[in-house]
Amino acid sequence: MKKTQTDRIRMYLETGKSLTAMDALVRFNCLRLAARIKNLRDDGVPIKSELVHKDGKKYSRYFMDLR
C-alpha cells in the first residue's frame, strides 16, 4: 500500500524532527502542510507548533513532543 503525504509527514515527525512549510514542500512535495497537520490532529496525533520569526518573516514550525 502506498503511503500518503499525511502518512509520510507523520512518520517524519515521529522521528523527533520538526517541519516547516518550506521543508514539507522540498521533502514531500506538499503545498498545504497546515491542512495535513489538521488531518493528523483530527486523528488525535499530538502535534505542537511554534511561530518562528526570522529575517522579518513569520512561519510555523510543527513538531511532536516525544517526552
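Tell me yes or no: at least one residue of region 54-65 is under 21 Å from Lys2 (Cβ atoms) and surrounded by fewer than 16 Cβ atoms within 10 Å (Cβ to Cβ). So that I can check it myself, show each step before the final result.
Our first condition is that a residue be under 21 Å from Lys2 (Cβ atoms); within region 54-65, this holds for none.
No, the conditions are met nowhere in region 54-65.
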Item to complete: Mind listing whichever residues of region 13-30 are surrounded by fewer than 12 Cβ atoms within 10 Å (Cβ to Cβ), among the hydrophobic types (A, V, I, L, M, F, W, C) and within 18 Å of Lys3 (Cβ to Cβ)?
Response: Val26
Worksheet item: Is it the case that region 60-67 has a residue that's more than 9 Å from the chain's Cα centre (by Cα), of a type in the set (D, E, K, R) and at pLDDT 95 or above?
Response: no
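The values are calculated or read from the model by the stated rules, or taken from the named source; none is laboratory data. Everything numeric here is computed off the predicted structure, so don't read it as measured data. Methodologically, a virtual Cβ is constructed for each residue, glycine included, from the backbone with ideal geometry; neighbour enumeration extends over all protein chains shown.
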